[in-house]
Amino acid sequence: MQQLEAALIEAARSDSQAFAELVVRYQDRLYNYLYRMTGSREDAQDLTQEAFVRVYQALPRFHLEAPFRPWLYKIATNLAINQLKGRKPAIVLEDYVPSRALDDSPERQVETHEVQRIIAAAIAELPDTYRPVVLMRHVEELSYDEIGKALDLPIGTVKVRLHRARAALQAKLAAAGLHQAAASLRDAHEPAVTQ
Amino acid sequence: MTQILSCTVIEKLLNPYLDGELSPPERATVEHHVAGCRTCRQAFVALERTALALEALPRLAAPAALLASTMAAVRREERKRAASDSWQPVATVAVVLLAVLGMSAAVMAGGESLLASLDAALEDPATLLENLALLGTHAELITVLGSSALLVAGALAFAQLMRGEFTTRVAR
């Protein structure tokens, strides 16, 4: 996997066809990240495109032995923060339509929907310094080390920010009385095997 | 080895525990503590639920048109790069050419005055010394022109280098 990625990045420096493969590989994750960072589909689309153009411009000078994902997310994060200029991301309610497993009861669908909406709103409320840490960890599944590299932060700071951000999200869920509902998401996440 | 750690310490380890960022002995310490401590167990369950809620957020896929528009922007960038790449040798050649022209003009000016001073010297040997002194000032001119051309070329090369270095830093 690592080898393939390194080969792809090296080829993408001089070959736009290889670069297109790199875009295909990362565009969904980057778009989703930028959507959570900005709260806007339009911004996410423009910024994803812009991030890839920046990657293309800088790729000839990228050190192949350096990890690619933190670098990619660093470019995307800087673009998103510039775009927001201190604003908080918007929350689009239509994006949280109940769409879980079909055999869920209507009550549970509504509950799931509500948990997601509260979590999304709580993420949007986080300061610009915390939001990327939470998103990189949970949505993108980057390690502490990768997050530190992406944000130029020591691992200790990543740890502290993640801890505080989760505590803030936890408090929002508790305030809405939805902690139990959040627990039931485990089943939604990993569908139970039917006998 | 089982360490007895306070809840305050364990609480700080719950996040890295959840993220799989602890070493096996650290994991064992946390597990041992949580198994016997109701408060920390509750804290961990609450943390785990928050993490589950985060992971269950809907993931949006990039719009279908994004790949095409991104690659169109990349190709525009590719053409821009190709254009600037093709201008770079032209600019280098222009600098070298200017330097060579400047120097040969100086040499020719110096050469002409040498011939003129030789002619004059043949007619009147007394002028020879005077003309040689004049040639000396021409030689200085040659040196000045030559070194200015070298300075300009050096400055241009340095500017190119800095531009590369700067963009690398910004992008990284």
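The values are calculated or read from the model by the stated rules, or taken from the named source; none is laboratory data. This one's a predicted model, so the numbers in the text were calculated from it and none came from an experiment. A quick note on method: Cβ atoms are made from the backbone with ideal geometry, for glycine too, and the neighbour counts reach across all protein chains shown. Ligands, DNA and RNA are stripped out before the accessible areas are found, and what is left, the full protein with its side chains, is counted by its heavy atoms. Shrake-Rupley method; radii C 1.70, N 1.55, O 1.52, S 1.80 Å.
Computed quantities for the displayed model
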{"item": "Heavy atoms of B:GLU77 accessible to a 1.4 Å probe, total area in Å² rounded to 10", "result": "30"}
{"item": "Heavy-atom accessible area ranking, 1.4 Å probe, most first, across A:ASP43, B:ASP119", "result": "B:ASP119, A:ASP43"}
{"item": "Computed label-point distance, nm, for sites B:ALA64 and B:LEU101 using a 7 Å Cα→Cβ extension", "result": "5.8"}
{"item": "Contact order relative to length of segment A:2-84, as percent, for alpha carbon pairs under 8 angstrom and 6 or more apart", "result": "30"}
{"item": "Largest to smallest accessible area among A:HIS63, A:HIS113 [probe 1.4 Å]", "result": "A:HIS63, A:HIS113"}
{"item": "Segment A:139-156 - phi-based ³J(HN,Hα) in whole Hz, Karplus 6.51/-1.76/1.60, Gly and Pro as x", "result": "8, 9, 6, 7, 7, 4, 4, 5, 5, x, 5, 5, 10, 6, 10, x, 4, x"}
{"item": "Residue-level accessible surface for A:GLU141, protein heavy atoms, 1.4 Å, Å²", "result": "110"}
{"item": "Residue order for B:LYS80, A:LYS159, A:LYS85 - accessible surface, 1.4 angstrom probe, largest first", "result": "A:LYS85, B:LYS80, A:LYS159"}
{"item": "Cβ-Cβ FRET estimate between B:GLU77 and B:LEU122, R0 fixed at 45 Å, reported to 0.05", "result": "0.10"}
{"item": "Karplus-derived 3J(HN,Hα), 6.51/-1.76/1.60, for each residue of segment B:7-22, Hz, glycine and proline x", "result": "4, 4, 5, 4, 4, 6, 8, 5, 4, x, 5, 4, 8, x, 9, 9"}
{"item": "Full-stretch length increase - A:SER105, A:SER16 - with 0.36 nm per residue and alpha-carbon distance subtracted", "result": "27.2 nm"}
{"item": "Distance (nanometres) between label positions extended 7 Å along Cα→Cβ at A:ALA174 and B:GLU26", "result": "2.4"}
